[in-house]
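See below for the structure under consideration.
The values are calculated or read from the model by the stated rules, or taken from the named source; none is laboratory data. Here the structure is a predicted model, which means the values were calculated and not measured. Here the Cβ is made from the backbone with ideal geometry for all residues, glycine too, and neighbour counts use every protein chain on show. Just so you know, the surface numbers come from the protein's heavy atoms only, side chains and all, with ligands and any DNA or RNA stripped out. Shrake-Rupley method; radii C 1.70, N 1.55, O 1.52, S 1.80 Å.
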Amino acid sequence: MADLRVKFCGIESPNPFWLASGPPTNTAGQVMRAFDAGWGGAVWKTIGERITNTSSRYGGIDYNGAKLMGFNNIELISDRPPEDNFREIAEVKKRYPENLVIASLMVESKRETWHEFVRRAEDAGADALELNFGCPHGMSERGMGSSVGQVPEYTEMITGWAKEAAKTPVIVKLTPNVTEVTRVALAAEKGGADAVSLINTVNSLMGVDLETFSGRPNVGGKSAHGGYCGPAIKPIALHMVSSVAKAVKIPIAGIGGVGYWTDAAEHIALGASVVQVCTAAMHYGFRIVEDMIDGLSGYMDDHGFRSTEDFRGRAVPNIKDWGDLDLNYKIVADIRQDLCIGCQLCYVACEDGAHQCIEPYTVAGNGKKNPNGMGVHVPRIIEDECVGCNLCALVCPVDQCISMKQIDEGKPFESWKMRAARQ
Amino acid sequence: MPLRETAPKLTPEQYEESFADITPRMNARQAAIEAARCLYCFDAACTIACPTRIDVPGFIKRIMTGNTRGAARVILEANILGQTCGRVCPTEALCEGACVMVEKGEEAIEIGRLQRYAVDHVLDRNIRLFHAGSPNGRRVACIGSGPASLSCAAALARKGYAVTIFDRAELPGGLSTYGIAAYKTRVSDSLREVEMVKSLGVVFKQKVEIGRDISFAQLEKEFDAIFIGVGLGETWAMDIEGEELEGVCGAMEFIERTKVLPFPQVSIGKRIACIGAGNTAIDVVTAARRLGAETVYLVYRRSEKEMSAFPYEHELAKNDEVIFLWQTQPVRILGDSGAVTGLECIRTVLGPPDARGRRSPEPIPDSLFTIDVDMVVRAVGQKPVTDFLRAVQGIELRKNGTVVADAHHQTGNKKYFAGGDCVNGGSEVVDAVAEGMAAARGIDAWLEETSGAARREN
Ligand SMILES: Cc1cc2nc3c(=O)[nH]c(=O)nc-3n(C[C@H](O)[C@H](O)[C@H](O)COP(=O)(O)OP(=O)(O)OC[C@H]3O[C@@H](n4cnc5c(N)ncnc54)[C@H](O)[C@@H]3O)c2cc1C
Ligand SMILES: Cc1cc2nc3c(=O)[nH]c(=O)nc-3n(C[C@H](O)[C@H](O)[C@H](O)COP(=O)(O)O)c2cc1C
Ligand code: SF4
Ligand code: SF4
Ligand code: SF4
């Protein structure tokens, strides 16, 4: 069986699955149960000066009956006194020396305060530190969280302060609420960070109650913007992880929308050494890690990967600038008549939303009949017109029914950059 | 009627339980989940399969988004009896049978129940979706108040016609009220729908028989066009010995009693035989079992393969533990002191298929046997009731009594249009509704055309 152990800036984790800083890592009791379930590490709920949280504080987006496709919170950092958190970190480390406990920190932007908290966390036995420069709400209004992470200079400066005092690795957690995440990642690296983790939550407002006109989440009829996370943000996270992977040399913890082992494997393929999970654990509990471990090692066995290092970052070279893509690569849609159920969704999508190159159905159909003897209306692709956008394949509700087949037109590779250079 | 032995009475709760809705209402959450399964097909197969062409994905999408009133509007716009259809349509043979989910290997979307959910929503809240059109000065009479006439009348009233419906029965609604199994729809459900048609200004004149109480000359004088929606009539007789005995009745009469009388007052034998194997026969045997009859036989000359009832109707009867006597032909009904005591039958063998592919049953000599029953119900088809139309010049009747009408549902006498069971020979509610709608369009087009012609002549 594949070896899931991971080395991450000098420290070793039993597996690449960590709980991200959040409600699941609020107390020693939770973290110890999580380790029992199989989590390799846990980033403690961010520690700082005591705050007060609101109720409610979460919002969810359901899609077609599935719950929490997206999740949002207006929660701040830990609402427990720092001394309680540090004491419990010590307790957990004593009982679970193999598992990693990372202390997440966020304090006012003063050098001495950062020095003090770094020292206290390390005294408690934390294996590493994560600087929370990402929280997009509440703390940022107080000059912390994303108001640090959005300014490369502050990020570099405060990372430097932490490094001055730290003996353990310093991980800088990045916010996605910036125009160019690599600039902040480079600033963290320059400030001495041993690793970066990303992404924190995405700025968002969950919705409006159309009867009362209050926003969601609702705090006594009022609302505030908060952080979006869960399955919906995975694509944003993957993009940012891959671009940071190209920009920095230090290791990366991938965060955002990890719920299945496949999500984790994608983060790793794009350069992450470990992944962190918050929403999925809040939704289903710590037990989800069982399948993550199982699924990932099964995948690795199937592909002959002995450690995650064998495929880490493998997809990164395939992520290009648009201008480097082959403009002569041509595919067209192909419908498998035997699988088609005749819903005509591909037809209407192409007709109204793409390039008008599907015929609704030949009235005689393909001779296919449904169990009641009615004709199944199988549409037909007009191959000469198809631009290969693949919208139809995306809307088709039947697996494998529409595939995109490659047409070899005998033309050489030609990118836009090559074309522009010739002109 | 005095029967030899009657079934034991049930408690009021038992009656209600056995006649409870077989497709119960959905609650909002069930409806939302089911609606979310729909793929929202384009040019959807389910819509094509619906005789009234309800925009099924259109209304299901509206249920999903919480726009239930809009969903009801989409349904009723196409089919004013959307509620009854949601309950009684043979959906497996229509929309749900065509649903692409079946082809995908999943359960069909429960279109009928969703439809009922949406229409119930507006009926429960007395939401008025439609109004009478501004009067156009034209008057139309409908003969019969069944689904065909209701649909024709509603469509015309919305266009501004003054419509009067005449029906010889006490209650309006035709077989929607009197004929469809109580576990699918109740008299009150049908009347609720009739109220919706009334709210469009349609006038109902019950207990008026056209041809007897009102003459055609009178009708023609008062109305610009006349729609014939008289359906079919009583059950055919079988012409066998003993049919006059107490305890022998036709399916229509028996079913009507289960609809209009309180259940305990429906007289029901302890042992019953029903003759025939169509959907009506199924309604008889299931009602009999639900009323407490202990032994219920369904007697049919041909085999199970030839039965005309829909497969799921057959299934209903099987679940009610009905005893099927296939290839069994009734010979005579036995009686004692005027009451039924038994049914003498003979076994049959099926001959070669005839021109229509039906195999005709031949009695097997020496295979007579008797079943012990207290009641015999004939379910061998309904007689036509169109004889009275022979008084109208130009209207043509087929040999089986159905009215000949063209694609616009106009008869040989241009002033008369016709639709529903009396034209199609007996089909489903939804077909009657579709034909009533088509006739309304036909009437409107014809009157537009003739009045235009009249204007031109002046
Ligand atoms: C037992 C039974 C069960 C059925 N179950 C179902 C089912 O589950 N689902 C389904 O979709 N369909 C079912 N049907 C079929 C459905 O009921 C009919 O197709 C439908 O009612 C036909 O509508 P209609 O308007 O043509 O006629 P009808 O509903 O028969 O209405 C005709 C009306 O005309 C009146 N009338 C007749 N002659 C005159 C006259 N001279 N003057 C005035 N009024 C007159 C009658 O009183 C009657 O009210 C069933 C039918 C039967 C018999
Ligand atoms: C309720 C909630 C509270 C969170 N609190 C913190 C926090 O205190 N510190 C922090 O660095 N990130 C916090 N996060 C962000 C998560 O650690 C993580 O970056 C983000 O949720 C994306 O991962 P996910 O898609 O697996 O949830 C919080 C997230 C949630 C949902
Ligand atoms: S790939 Fe795009 S253009 Fe081609 S048929 Fe499909 S939707 Fe139309
Ligand atoms: S979307 Fe797929 S299943 Fe539907 S009609 Fe097109 S090819 Fe067939
Ligand atoms: S065929 Fe089925 S899935 Fe498609 S629109 Fe109709 S009900 Fe929905």
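Can you give the accessible area of A:V316, probe radius 1.4 Å, in Å² rounded to 10?
Roughly 20 Å² of A:V316 is accessible to a 1.4 Å probe.
Which length gain, in nm to one decimal place, applies between A:R80 and A:E290 when the Cα-Cα distance is subtracted from 0.36 nm times their residue separation?
Stretched fully, the A:R80-A:E290 segment lengthens by 72.6 nm.
If amide H atoms are built 1.01 Å from N in the plane of the peptide, which residues on other chains or at least 5 residues away come under 5 Å of the amide H of B:E362?
B:V349, B:L350, B:G351
Under a plain spin-label model, where a point goes 7 Å from the Cα along Cα-to-Cβ, how far apart in nm are B:R441 and A:K411?
Reported label-point gap for B:R441 and A:K411 is 4.8 nm.
For region B:235-378, what D do you get in µm² per second when you plug the Kirkwood radius from alpha-carbon pairs into Stokes-Einstein at 4 °C and 1.567 mPa s?
84
Take A:D399, project a point 7 Å from its Cα along the Cβ direction, then tell me which residues of region A:367-393 have their backbone nitrogen under 14 Å from it.
From region A:367-393, the list is empty.
State log₁₀ I(q)/I(0) for region A:190-255 at q = 0.16 Å⁻¹ as given by the Debye formula over alpha-carbon point scatterers of equal weight, solvent excluded.
-0.65
Report P(r) for region B:25-124: all Cα-Cα distances, bin width 10 Å, range 0 to the bin holding the largest distance, values in whole percent.
With 10 Å bins starting at 0, P(r) equals 18, 57, 24, 1.
Pop the C-beta distance of A:I382 and A:R5 into the FRET formula with R0 = 60 Å and round what comes out to the nearest 0.05.
Calculated value: 0.65.
Determine how many Å³ per residue the convex hull of the Cα atoms of region B:369-458 encloses.
It is 133 Å³ per residue.
Considering the options B:M64, B:I240, A:N203, tell which one lies farthest towards the positive end of the dipole of the protein assembly as shown, charges being +1 on Lys and Arg and -1 on Asp and Glu at the Cβ, about the Cα centre.
A:N203
Longer than 25 Å from Cα to Cα, which of A:K234/B:K104; A:K246/A:K417; B:K259/B:K399; A:K234/A:K330; A:K7/A:K320; B:K259/B:K414 are they? Say none if no pair is.
A:K234/B:K104; B:K259/B:K399; A:K234/A:K330; A:K7/A:K320; B:K259/B:K414
Calculate the spin-label point distance for B:E321 paired with A:K369, positioning each point 7 Å from the Cα along the beta-carbon direction, and give it in nanometres.
3.8
Based on C-alpha coordinates, I'd like the Rg and Dmax of region A:6-318, in Å.
18.2, 57
Residues of region A:1-25 with the amide nitrogen closer than 18 Å to a label point 7 Å from the Cα of A:D302, along Cα-to-Cβ, please.
Residues A:1-4 fall inside that zone.
Using Cα pairs under 8 angstrom and six or more residues apart, how large is the relative contact order of chain A, in percent?
14
Could you tell me how many cubic angstrom of Cα convex hull volume the protein assembly as shown has per residue?
Numbers: hull volume 231.7 nm³, N = 881.
About 263 Å³ per residue, rounded to a whole number.
Grab the eigenvalues of the alpha-carbon gyration tensor for chain B, scale each by 5, take roots, and send me the semi-axes largest first in whole angstrom. Provide the component values of the computation, followed by the final result.
Numbers: eigenvalues 290, 162, 90 Å².
Sorted largest first and rounded, they come to 38, 28, 21 Å.
So how tilted is helix B:187-198 from the main axis of chain B? Cα-based, degrees 0 to 90, rounded to 10.
Long axis of B:187-198 versus the principal axis of chain B: about 20 degrees.
To the nearest 20 debye, what is the magnitude of the charge dipole of the protein assembly as shown about its Cα centre, counting +1 on the Cβ of each Lys and Arg and -1 on the Cβ of each Asp and Glu?
1560
Accessible area of chain B with a 1.4 Å probe: how many percent of it is carbon plus sulfur?
Reported share for carbon and sulfur atoms: 49 percent.
Among the listed pairs B:K184/B:K270; B:K61/B:K159; B:K205/B:K318; A:K45/A:K249; A:K368/A:K411, give every one whose C-alpha distance is greater than 32 Å. Write down the numbers at each step before the final one.
On the way: B:K184/B:K270 24 Å; B:K61/B:K159 28 Å; B:K205/B:K318 41 Å; A:K45/A:K249 27 Å; A:K368/A:K411 38 Å.
Distance filter (> 32 Å) returns B:K205/B:K318; A:K368/A:K411.
Mind checking which of A:L174, A:M144, A:N218 is farthest towards the positive end of region A:6-318's charge dipole, using Cβ charges of +1 (Lys, Arg) and -1 (Asp, Glu) about the Cα centre?
A:M144
Taking a quarter of the surface of the Cα convex hull of region B:7-51, what do you get in nm²?
For the Cα atoms of region B:7-51, the hull's average projected area reads 6.0 nm².
In nm², what is the average projected area of the convex hull enclosing the Cα atoms of region A:259-372?
12.9
Consider a paramagnetic label point 7 Å from the Cα of A:E164 along Cα→Cβ; state which residues of region A:113-131 have an amide N under 16 Å from it.
Zone members listed by number: A:113-120.
Could you state the angle between the C-alpha long axis of helix B:429-457 and the longest principal axis of the C-alpha atoms of chain B, as a value from 0 to 90 degrees rounded to the nearest 10?
40
Let me spell out the model: positive unit charges on the Cβ of Lys and Arg, negative unit charges on the Cβ of Asp and Glu, origin at the Cα centre of region B:25-124. What dipole size does that give, in debye rounded to 20?
340
Identify the trypsin sites (Lys or Arg not before Pro) of region B:271-374 meeting these criteria: DSSP loop state and at most 14 other C-beta atoms within 10 Å of the C-beta.
Sparse-neighbourhood loop trypsin sites (Lys or Arg not before Pro): B:R356, B:R358.
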